[in-house]
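A short write-up of the structure that comes next.
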Amino acid sequence: MRFWLRNEEMALEAMVQRLTAVCKRTDEIMHQDITPLCAADIQDQLKKRFAYLSGGRGQDGSPVITFPDYPAFSDVPDKEFQNVMTYLTSIPSLQDAGIGFILVIDRRQDKWTSVKASILRIAASFPANLQLVLVLRPTGFFQRALSDLAFKFNRDDLKMKVPVIMLSSVPELHGYIDKSQLTEDLGGTLDYCHTRWLCHRTAIESFALMVKQTAQMLQSFGTELAETELPNDVQSTSSVLCAHTEKKDKAKEDMRLALDEGQSILENIREPLAKSGEQSLNQDELDNQTTVQRLLAQLNETEAAFDEFWAKHQQKLQQCLQLRHFEQDFREVKSSLDALAQKIATFTDVGNSLAHAEHLLKDLASFEEKSSASVKRAHTLSLEGEKLIDTKHYAVDSIRPKCHELQYLCDQFAAEVERRRGLLSKSLELHGLLEASMKWCDEGIYLLASQPVDKCQSQDGAEAALQEIEKFLETGAENKIQELNKIYQDYESILTKDLMEHVQKVFQKQEGMEEMFHRRQASLKKLAAKQMRPVQPVAPRPEALTKSPCPSPGSRRGSENSSEGSTLRRGPYRRAKSEVSESRQGRSSSTGHEEESLAVLRRHVMNELLDTERVYVEELLCVLEGYAAELDNPLMAHLMSPGLQNKKDILFGNMEEIYHFHNRIFLRELEEYTDCPELVGRCFLERMEEFQIYEKYCQNKPRSESLWRQCSDCPFFQECQRKLDHKLSLDSYLLKPVQRITKYQLLLKEMLKYSKSCEGAEDLQEALSSILGILKAVNDSMHLIAITGYDGNLSDLGKLLMQGSFSVWTDHKKGHSKVKDLARFKPMQRHLFLHEKAVLFCKKREENGEGYEKAPSYSYKQSLNMAAVGITENVKGDVRKFEIWYNAREEVYIVQAPTAEVKAAWVSEIRKVLTSQLQACREASQHRTLEQSQSLPLPTPPSTSPSKGTTRNIKKLEERKTDPLSLEGYMSPSSLPKPPEKGRGWSKTSHPLEAPEDNDGWSSAEELMNSSDAEEEGRVGPRKLVPGKYTVVVDDEKGSPEALAVRNGDMVEVVQEGDEGLWYVRNLTSSKESWVPASSLSALLGMSGSTQCLSSSESSAGSTLLSASSSCSESCGVPLSDLQG
């Protein structure tokens, strides 16, 4: 790094030196070091043309400066004259200027006085060497004579360092200077244009300035680049490289423009040659050409110096960018390798069964395969680092240690993977031995169970059974564990505490089984030896295997994926059941043997549960990684159809959530019950809430199915299926969660069948019921999401309790008579949804299509608020019918269920809903009664005590509460609310209705009085006062207390009954309140007859019933909207 910095400093120093030399040589070329004056600075003065450098030369090469006839020569300021003289004498080369200048002063049209003044002025201010001064004197006779005479007398005044020659004519001038070196106005042939000359000089000097400025700019730019601090990240380094490259390109563009400018000037100077081959350039033009060529050479030198510096600087920036890329990749790769190291460190489990060990080996292989990309990337990065070192990168000291570290991490990871694979292979080998031993033990148990006791009573039968046992024991050499200590020694590296206990249990089971065989052998040998008295052999009790409720220590093992393992999973069920059945018929004394057989069956069910669970988890992972993750892979984007974009959540639903639950939680917890499969119900019960995630998946399934049908031909799915080597397409795997949730109840049923007398039977039964409940909820939710046309939010209706299809007849009191008659005979097919707060009536519509598109939809028709619903459980003529009546029987729906059982279930569920509403209203009424009794003032009579009355009412209320269907208890004195609003779902005053045929109709919204029978017979008695709001129907003629004065139409609230027949009444019109005798109050309210007004706006003269649904609504504090809409 230090070497590189020193190298760059040297490159910058070399460039600065070369560019400084360019600037210096440019000044020398333009004589700026001697006379820092430019044509542009005195352009206006040069344009006056009182003196010019024509390019002519004397015989010895002296430059000729011509002073043409300029009448205003004397008016030229001294400063301007001095500037022009200085500039003109700076143009020729130093060599020519060293010879001396020849001045040609043309004063042929002037006077002697002007000639004298010009000569004196030139002599006083000429800044360079003079060789000769030639003066063309005035041509007029008088002026010529005067000049001759004056020149003789004034010779001393005109003394100069060079001779001054007075010429009378142009031919005399040609004797001193050749005609070819004189302009046309002096009789020469030299082609001179003062404007062109001035343009050339301006352009050359501008170009020289451009060359100098370019060199200075590149010098500053190089210093800026060299002093730029190198960034520490890729993005910033890339930005710096781009910025510097842009600046370099701009500088190169400026140099190119300067070169074009120089070439253009050179072409303009050579333009006369291009027009005519006979023409030649004068000496000044040749000098201009040389000047431009020298400036172009300096510009090329400038560009070469900068290019050399830029190459080194660019190399530095590119190497810096390479280093930053390498460092960034190193950090990412190292982080990835560290994560892999941490992940492999978590692979501490060696498995608790053969299947588990195989699963762990697969996991390790899968992990190794997935990690291979990171390892490969680390190797590639290490090689890239080596290449950087080989190319003599300036940061070799930083790159080499990182390459070594990457190689070390890769080697360490590979060694750890191999170590884990060795341990798992050992575990697989050990569990294979344990599985073989367990299988041998199970087959031995089957063999003992399959030997009928009656056939063993004969000598031949005993000998045959004995041969079977001996033949079976011979197979033990290959299958059973021979030496326990050798197992401990060979597998010491993987023997955890649990695994050691497992080995011990298997060995104990093996010894127990062998002991059973030895007992059976001894018994059979006695039978085989022809004894005089008959011997009744007794089946040996497998004590070693029946001491614990978890008799099979081998239940940790999982069935293998081979065909033999599959046969062991499926076949033994029926064979073992038939054998156990035969054994039971053959002998009733073999209880221990039967329990052992059941334990084996339980183990097989548990093995199938675990095996299928592991397969299920692997299939979910396969779908998520092979399909769902690939949807986000940009390399696969070209294979996707537009309809798949951003549709992953629709296609896969919450499958990822289901996978994480089973992989991280449920599978691991199931494995903890391998030793005691009969207790596995607890595992299901503990995680029953988590199983609700299947409801969400099933609700999304129709959308997923529809999307799959639209995009199933997409090349994306075909490519994913090819990579996964799946024989079935994706839709088969999307159905797995639905199949799995239904599989659990079948396995639980099997487990429960073989665990009836075990400790966990109740948990299994509860788990089975819960799973069936989840299946019902899933099924109900699938129907619920198919409802269309309902404006509200179905979730506001509470939990969905039941749903089903029924035939429905309607009998509405307010309907047209013909419609009513028609409705009695023509049933409607309706699908009912019973919620906690409402029952919905929908029309079922079958859809055409395939798969889930064939599922029915339900058009919403109407809904009934459960707060105003009543039921009649039995309808004459059909045991499948029941009535749902609404709003005090204004609307009656006769519902016919498919079966009597379905009807009984619905009636029971509706009764539960109404009972719970009734109970909630009672509790709310009690609470309000207590609040009101504490806030009431004492009555005027001192002998009355509202607290006593309140206490008595509360006591009555508590007594009534014991009867869940007591309407008197429900309509407690404090439960009547303010007048309800109109509309369905709320109570209304109504006309008397006919009582139902059977006396089993009831509702949480029952009437105040069960008066149907009384009304039918025309017996309507006085109403009993109850708390609530009333309208006064007569004026206070008898005179009430002054504090209360009421009039006809006033609204009053009857608050509380006190002692001595007094009621506490509040006048809502005048806001006054007082105690009033019951007789006076009844007369005011018109309650002495059959009329009771609920409110002035809603009551009528003929109203006799008050629905209690408003009491329920207000007491419970839960206002319900009109659900029918």
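So what's the convex hull volume per residue for the Cα atoms of the stretch 606-738, in Å³? Provide the component values of the computation, followed by the final result.
Values: hull volume 13.9 nm³, N = 133.
Dividing the Cα hull volume of the stretch 606-738 by its residues yields 104 Å³.
Just to make sure I understand: if all protein chains stay in place, what is the order of H660, H831, H927 by accessible area at 1.4 Å, largest first?
Greatest to least solvent exposure: H927, H660, H831.
For the stretch 334-476, compute the orientation-averaged projected area of the C-alpha convex hull (one quarter of its surface), in nm². Could you put the intermediate results ahead of the total?
Details: hull surface 45.1 nm².
The number I arrive at for the stretch 334-476 is 11.3 nm².
How do 630-636, 676-682, 899-905 rank on mean C-beta neighbours within 10 Å, highest first?
On the way: 630-636: 12.6, 676-682: 23.3, 899-905: 14.1.
So the peptides 630-636, 676-682, 899-905, ranked by packing, come out 676-682, 899-905, 630-636.
In the calculated pair distance distribution of the stretch 395-487, what percentage of Cα-Cα distances lie above 18 Å?
Working: 2896 of 4278 pairs.
Of all Cα-Cα pairs in the stretch 395-487, 68 percent lie more than 18 Å apart.
Using a basic spin-label model with each label point 7 Å from the Cα along Cα→Cβ, how many nm lie between R196 and D632?
Using points 7 Å along Cα→Cβ, the separation is 7.8 nm.
Based on the Kirkwood radius over alpha-carbon pairs, what value in µm²/s does the Stokes-Einstein equation return for the translational diffusion coefficient of the stretch 180-333 at 10 °C and 1.306 mPa s?
It comes out at roughly 84 µm²/s.
Estimate the FRET efficiency between E492 and K749 by the formula 1/(1 + (r/R0)^6), using the beta-carbon distance for r and 41 Å for R0, to the nearest 0.05.
So, using R0 = 41 Å, E works out to roughly 0.40.
Suppose all protein chains stay in the model; what accessible area per residue would a 1.4 Å probe give for the stretch 304-430, in Å²?
49 Å²
Report C199's accessible area, 1.4 Å probe, all protein chains in place, as a number in Å² to the nearest 10.
80 Å²
Could you tell me, in Å, what Rg and Dmax come out for the Cα atoms of the stretch 43-88?
11.4, 34
Provide the gained length on full extension for the span K912 to R121, in nm with one decimal, where the gain is 0.36 nm per separating residue minus the Cα-Cα distance.
Result: 271.4 nm gained on full extension.
My understanding is that a pair violates if its Cα-Cα distance is over 25 Å; which of K471/K753; K343/K480; K701/K727 do that in this structure?
As for pairs spanning more than 25 Å Cα to Cα, those are K471/K753; K343/K480.
Determine how large the accessible area of T346 is when every protein chain is in place; take a 1.4 Å probe and give Å² rounded to the nearest 10.
Counting only protein heavy atoms, T346 exposes about 90 Å² to solvent.
Using a 1.4 Å probe on the protein chains only, how many percent of the accessible area of the stretch 667-767 belongs to carbon and sulfur?
That share works out to 45 percent.
I'd like the accessible area for I165: 1.4 Å probe, protein heavy atoms, all chains in place, Å² to the nearest 10.
Estimated to the nearest 10 Å², I165 gives 40 Å².
Work out how far the C-alpha atoms of the stretch 262-356 reach from end to end along every principal axis, then list the three figures in whole Å, largest first.
Cα spread of the stretch 262-356 along its principal axes, largest to smallest: 110, 24, 11 Å.
The values are calculated or read from the model by the stated rules, or taken from the named source; none is laboratory data. Since this is a predicted model, take the numbers as computed values, not measurements. Positions of Cβ are backbone-derived with ideal geometry, glycine not excepted, and every protein chain shown enters the neighbour counts. Just the protein is used for accessible areas: all its heavy atoms, side chains included, with ligands, DNA and RNA removed. Shrake-Rupley method; radii C 1.70, N 1.55, O 1.52, S 1.80 Å.
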